[in-house]
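The values are calculated or read from the model by the stated rules, or taken from the named source; none is laboratory data. No experiment lies behind these values; they were computed from the predicted model shown. As a convention, Cβ positions derive from the backbone with ideal geometry for all residues, glycine included, and neighbour counts pool all protein chains shown. Accessible surface areas use protein heavy atoms only, side chains included; no ligands, DNA or RNA. Shrake-Rupley method; radii C 1.70, N 1.55, O 1.52, S 1.80 Å.
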Amino acid sequence: MGMDSQTKALIVGRLEQMVGPRAVLHRYEDLVAYECDGYTIHKGVPSIVVFPKSTQEVSDVVRLLHQNRIPYLPRGAGTGLSGGATALNGEVVISLVRMNKLLDVDYANRKAVVQPGFVNLKLSNSIASKGYYYAPDPSSQAACTIGGNVAENAGGAHCLKYGVTTNHVIGLELVLPDGEIVRIGGVPDAPGYDLLGFLTGSEGTMGIVTEITVRILRKPQGVLTVLALYDEVNDASQAVSDIISAGIVPAALEMMDRTAIEAVESGNYPVGYPSDLGAVLIVEVDGIAAGLQEQIERVMEVCRKHRVREVRQSRDPQERTRWWANRKTAFGAMGTISPDYMVQDGVIPRSKLPEVLARIGEVSSKYGLRIANVFHAGDGNLHPLILYNSMEDGEKERAVRAGSEVLKVCADVGGSITGEHGVGIEKMEDMRFIFTEEEMNAQMQVRDVFNPDNLCNPGKVFPKPARCVELKRSAPLIHSS
Amino acid sequence: MSDPSHGNLEKYLYPKSNYKWEDAPDPAKFSECVHCGMCLEACPTYQQTGLEAHSPRGRVYLIKSVAEGKLTLNDFFADPVNTCLDCRACETACPAGVQVGALVEEARGQLYKEDPPAGLRGVLHKIFLRGLFPYASRMRKLSLLTRWYQRSGVRFIARKTGLLRILPKHLQEMEQALPNLTTKPVLGRIHERLAPFGLKRAKVAMLTGCVMDAVFADINEATVNVLRHNGCEVWIPPSQSCCGALHVHAGDRDTAKQLAKQNIDTFLSDDIDAIIINAAGCGSTLKEYGELLKSDPEYADKAHLFAEKTVDVSSFLDRLGLIPPKGRLELTVTYHDACHLAHAQGIRVEPRRLLEAVPGVQLVPLPDSDRCCGSAGIYNLTHPEMAGELLDRKMNDIPDGCDAVVMGNPGCMMQFMVGVVRHNRNEQIMHTIQLLDLAYRGEETSTEAERAEHSKASRSQAS
Ligand SMILES: Cc1cc2nc3c(=O)[nH]c(=O)nc-3n(C[C@H](O)[C@H](O)[C@H](O)COP(=O)(O)OP(=O)(O)OC[C@H]3O[C@@H](n4cnc5c(N)ncnc54)[C@H](O)[C@@H]3O)c2cc1C
Ligand code: SF4
Ligand code: SF4
């Protein structure tokens, strides 16, 4: 794809008029850094990167591109792990990072309005002094944008109890793929279809989110955290199942296996875990202070029933912060034990964890690649990290095949291929593990209602042949392109 | 392809590399980056521009792209590399411990050889880095000349006649902000060896630093005094040189290596417990001599030994166990984390503990205290716009009601002094050690107030 140089010069000129010359990048050297996001297997240099500063500017830019039938895609911080913000075919990148303001906080009604480029953690930090926070806490929260969170329906360690992004979005302003500005939601449980739920998690294929109204919560009165160290990963998984079936609802329930522990311990935020551990569990309960200690005692009791090597409560907030910093930097810490990694995002029924881990072990030996497992254990969201070296011939391709096979395992036991990172480029083909052609076509027809010309983040989410089949077989539901 | 053990590993792994000189950005360092982006928001230049190329992740990616042959050593590459503050905030944030600062310095080394600095940068470079800093004697003369300028009335005339207006704005402000140089440089003036007050607890050598000794000789004097109060025998070797920090930052690695060797020979010639440094920027460079000289067969090991002995004065006193001063100072102060202390050396709690040990001192937190103030070596001269924006943010963060802003780096102090002038503020800018020294000297708050009056008076004379 891409544009011929004449068109490009023309478009660059128009864009510079709209947003100013300092908000348009178009020279190869300035574009290289935008070649990929947090997923580095597939790359593509965008033809242009543009930085609008307001909804109106986004709308103007989109309208211009739409009129000229030039494909484009929105980008936040570029921490996405499935390639959603990568311009595989030289699309124009519309970066939202300069729309980074906190527009309004309404404590009385417990909501906040942010621009899409506002960084997740900054919201909690800005309202902390009043005793509030924003619940969805992806591990990348110090860098990722709320716009990107909405697009990926991001989750986090504390989403077990509080729900993922979609449970916290109450209103959106959106620039549709033809440049029209629309507002959706704003009131709780609005009549009609749940468009908010539909748009949240649409991976930037339905338009560009330019403003988000989110729920904010009062900080819980108390938080208690427990660390349980296990020799065997199976014992740890059993403990997870028992904690949930005991009726306890932890705020977070996280697990790391031996290889993951090796990485975090060589990273920038080591806790001091022994090197021969099989698994570590982090369990956190929060809420009104009364009864909290009793809950955590019950958690520790369950942990002890499963041959735990050591279980202990955090001594002070600093220690708790250290445990979390260690856990939340697990992906990045892989850099210390492997030049590259590919993270998978499977969802499985919790009870199948031992079986799934065993089968992942088989995949690992089959392809001769190490696999570390980081697990939002409470909600069954498993992140196998496939470690490889892109400088070695053929290793990248093997990693991709191993990744796909791991997802197949998840799908086979009744799970899914993505919990929170999205499909993007990475898992397009794997969509076939859980959807039939027909089911995918139906979904694409819904997308076509919003994005009829498929100019907005094309070539993502659905595998290509499915599109051809669709064109042959079924007439579009509502809109024809 | 040749055997990597014999040649250059970088060339072996990246045959298409556009790095042409030795000491190229190290593949072992950039391959640790997994492109996760956790460092983005920590980076002051990314916060300011939102440009991926002005982020740590982007910089590492571009540095790698030159090795892959995708980019060349041209101006477009120089821009992201040179706008880096070398503040190391990214290194604190990075889960994988990627040494972004070292990579940027290595990349600058390549750019420096490819295209030696010209224009304003070139002039500054020739005057300061090659002509001035390496020579202690010239620095001394400059300091004495400045003292003469400030006292003789030439300053007064220059200000009155508007002569200074021909200087760029930031240099004008710096001229105004420059502290009155009341103390002559320490190096070569005070005794080479000074006995401790009271029982001897350690034997230390002190690196006086070039900017420090020329502009802030009083801090050096204070450091000697505080060390002696804490039972240290202090040695100030006369043959020491500039640490080379500014040269490493600018990419002039050859000069930096020369200076490093001279210091290694000087300081390792006697048996000492520690090499004390009171300037954060110098300290982190001294601690990285091992990295700088890693491929020098004669000096590599000595450089490591030197680095191990080097310690910032605040962390040294904290480790030794401070003998608390008795003098009381009724002061409300806030503490700024110099990048090269907090991010590069991991020193955060030690200076705060020292300050809290001074009777009467109340320490209030500075929000985002470890965000770069924009000083960054000579960055404020080469990139005044970015440096100015960062300084403005910093000044706005200072809590109301502070008598002083305390820090551990002369570069930051100069930047803050410009900030005080620009924003019409009254806070005193002090080094951690100065505050301790005041307490040891038993100075009372009244004298303190006099000082404040004095500096206010000299400032109003300035405007
Ligand atoms: C170390 C690490 C840890 C992570 N941990 C988690 C985790 O715990 N939980 C989790 O859910 N995710 C996690 N992620 C994945 C990632 O951070 C999230 O998907 C995040 O929501 C992406 O936000 P972003 O701003 O970086 O978006 P980008 O990567 O820039 O974009 C992601 C997608 O959103 C689209 N998009 C971006 N902005 C907009 C907008 N304004 N309107 C419409 N579409 C838009 C893009 O087109 C793209 O398809 C992690 C990533 C890393 C690197
Ligand atoms: S050293 Fe500072 S300016 Fe340079 S990339 Fe790191 S955080 Fe950014
Ligand atoms: S430098 Fe570190 S934090 Fe930044 S992208 Fe690379 S690995 Fe991640």
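Which of the residues that make up segment A:1-38 are closer than 16 Å to residue B:58 by Cβ, touching an Asp or Glu at 6+ places or on another chain (Cβ under 7 Å) and touching a residue at least 40 places away in the same chain (Cβ under 8 Å)?
The one that is closer than 16 Å to residue B:58 by Cβ, touching an Asp or Glu at 6+ places or on another chain (Cβ under 7 Å) and touching a residue at least 40 places away in the same chain (Cβ under 8 Å): A:34.
Please work out which residue is modelled with the lowest pLDDT, limiting yourself to segment B:6-42 and to residues that are away from ligand 1 (no atom under 15 Å from the Cβ) and hydrophobic (A, V, I, L, M, F, W, C).
Among those residues, the one meeting the criterion is B:9.
Within the set of pairs 6+ apart or on separate chains, which have a first residue in segment B:85-107 that is farther than 22 Å from residue B:411 by Cβ, a second that is modelled with pLDDT under 90 and near ligand 2 (Cβ under 9 Å from one of its atoms), and C-beta atoms under 9 Å apart?
none
Please indicate, with yes or no, whether at least one residue in segment A:252-273 is more than 14 Å from every other protein chain (Cβ to nearest Cβ) and assigned to a loop (DSSP other than H, G, I, E, B).
Looking through segment A:252-273, at least one residue is more than 14 Å from every other protein chain (Cβ to nearest Cβ) and assigned to a loop (DSSP other than H, G, I, E, B).
Can we say residue B:311 is out of contact with any Gly (no Cβ under 7 Å at 6 or more places or on another chain), free of Cβ contacts under 8 Å to residues at least 40 places away in the same chain and β-branched (Val, Ile, Thr)?
Yes, satisfied.
Determine the pairs where a residue that is charged (D, E, K, R), located within segment A:108-133, has a partner that is in a loop (DSSP other than H, G, I, E, B) with Cβ atoms under 7 Å apart, the partner being 6 or more residues away or on another chain.
A:110/A:216; A:111/A:216; A:130/A:107
Exactly one of (1) surrounded by 15 or more Cβ atoms within 10 Å (Cβ to Cβ); (2) under 30 Å from residue A:143 (Cβ atoms); (3) away from chain B (no Cβ under 14 Å) is unmet by residue A:296. Its number?
Tallying (1) surrounded by 15 or more Cβ atoms within 10 Å (Cβ to Cβ); (2) under 30 Å from residue A:143 (Cβ atoms); (3) away from chain B (no Cβ under 14 Å), residue A:296 fails exactly one: (2).
Residue-by-condition table, conditions (1) without any contact (Cβ under 8 Å) to a residue 40 or more places away in the chain; (2) within 12 Å of chain A (Cβ to nearest Cβ); (3) within 14 Å of ligand 3 (Cβ to nearest atom); (4) surrounded by fewer than 24 Cβ atoms within 10 Å (Cβ to Cβ):
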{"site": "B:11", "(1), (2), (3), (4)": "yes, no, no, yes"}
{"site": "B:16", "(1), (2), (3), (4)": "no, no, no, yes"}
{"site": "B:20", "(1), (2), (3), (4)": "no, no, no, yes"}
{"site": "B:25", "(1), (2), (3), (4)": "no, no, yes, no"}
{"site": "B:29", "(1), (2), (3), (4)": "no, yes, yes, yes"}
{"site": "B:34", "(1), (2), (3), (4)": "no, yes, yes, no"}
{"site": "B:38", "(1), (2), (3), (4)": "no, yes, yes, no"}
{"site": "B:45", "(1), (2), (3), (4)": "no, no, yes, no"}
{"site": "B:48", "(1), (2), (3), (4)": "no, yes, no, yes"}
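What do you reckon, is residue A:39 within 12 Å of chain B (Cβ to nearest Cβ), under 26 Å from residue A:424 (Cβ atoms) and at pLDDT 95 or above?
Considered against the rule, which asks whether it is within 12 Å of chain B (Cβ to nearest Cβ), under 26 Å from residue A:424 (Cβ atoms) and at pLDDT 95 or above, residue A:39 comes out as no.
Among the residues of segment A:277-293, count how many are at pLDDT 95 or above and open to solvent by 60 Å² or more (accessible area, probe 1.4 Å).
0
Which of the following residues is among the β-branched types (Val, Ile, Thr) and more than 13 Å from ligand 3 (Cβ to nearest atom): A:337, A:348?
Answer to the check: A:348.
Working carefully through the options A:41, A:11, find the one that is part of a helix (DSSP H, G or I) and in contact with a helix residue (DSSP H, G or I) (Cβ under 9 Å, 6 or more places away or on another chain).
Checking each option against the conditions leaves just A:11.
For segment B:10-57, enumerate the residues that are under 21 Å from residue B:108 (Cα atoms) and charged (D, E, K, R).
Scanning segment B:10-57 gives B:10, B:11, B:16, B:20, B:22, B:23, B:26, B:29, B:32, B:52, B:57.
Looking only at segment B:61-113, count every residue that is of a type in the set (A, V, I, L, M, F, W, C) and part of a loop (DSSP other than H, G, I, E, B) and tell me the total.
Adding up the residues that qualify gives 8.
With A:37, A:30, A:4 as the choices, which residue is open to solvent by 10 Å² or more (accessible area, probe 1.4 Å), closer than 24 Å to residue B:39 by Cβ and acidic (Asp, Glu)?
Answer to the check: A:30.
What's the number of the only condition in (1) within 22 Å of residue A:338 (Cβ to Cβ); (2) outside any helix (DSSP H, G or I); (3) hydroxyl-bearing (Ser, Thr, Tyr) that residue A:418 fails to meet?
Single failed check for residue A:418: (1).
Okay, residues lined up against (1) within 20 Å of the chain's Cα centre (by Cα); (2) within 12 Å of chain B (Cβ to nearest Cβ); (3) farther than 28 Å from residue A:426 by Cα:
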{"position": "A:53", "(1), (2), (3)": "no, yes, yes"}
{"position": "A:63", "(1), (2), (3)": "no, no, yes"}
{"position": "A:68", "(1), (2), (3)": "no, no, yes"}
{"position": "A:72", "(1), (2), (3)": "no, no, no"}
{"position": "A:75", "(1), (2), (3)": "yes, yes, no"}
{"position": "A:82", "(1), (2), (3)": "yes, no, no"}
{"position": "A:90", "(1), (2), (3)": "no, no, no"}
{"position": "A:104", "(1), (2), (3)": "no, no, yes"}
{"position": "A:108", "(1), (2), (3)": "no, no, yes"}
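What number of residues within segment B:243-298 are part of a loop (DSSP other than H, G, I, E, B), open to solvent by less than 20 Å² (accessible area, probe 1.4 Å) and out of contact with any Lys or Arg (no Cβ under 8 Å at 6 or more places or on another chain)?
Counting residues in segment B:243-298 that are part of a loop (DSSP other than H, G, I, E, B), open to solvent by less than 20 Å² (accessible area, probe 1.4 Å) and out of contact with any Lys or Arg (no Cβ under 8 Å at 6 or more places or on another chain) gives 3.
Only one of B:441, B:348, B:459 is at pLDDT below 90, within 25 Å of residue B:327 (Cα to Cα) and open to solvent by 50 Å² or more (accessible area, probe 1.4 Å); which?
B:441
Restricting the search to segment B:60-78, which residues are within 13 Å of ligand 2 (Cβ to nearest atom) and open to solvent by 10 Å² or more (accessible area, probe 1.4 Å)?
Correct list: B:61 only.
Show me the helices (runs of 4 or more DSSP H) entirely contained within segment A:328-413 in which 1 or more residues are away from chain B (no Cβ under 14 Å).
In segment A:328-413, the matching helices (runs of 4 or more DSSP H) lie at A:353-367, A:395-412.
Which pairs have Cβ atoms under 7 Å, sit 6 or more apart or on different chains, and link a residue in segment B:189-204 that is free of Cβ contacts under 8 Å to residues at least 60 places away in the same chain and under 20 Å from residue B:310 (Cα atoms) to one that is surrounded by 12 or more Cβ atoms within 10 Å (Cβ to Cβ) and among the β-branched types (Val, Ile, Thr)?
B:192/B:236; B:194/B:224; B:194/B:234
Only one of B:257, B:287 is of a type in the set (D, E, K, R), in contact with a strand residue (DSSP E or B) (Cβ under 9 Å, 6 or more places away or on another chain) and outside the structural domain of residue B:106 (by TED's automatic domain parsing); which?
Sole residue among the options that is of a type in the set (D, E, K, R), in contact with a strand residue (DSSP E or B) (Cβ under 9 Å, 6 or more places away or on another chain) and outside the structural domain of residue B:106 (by TED's automatic domain parsing): B:287.
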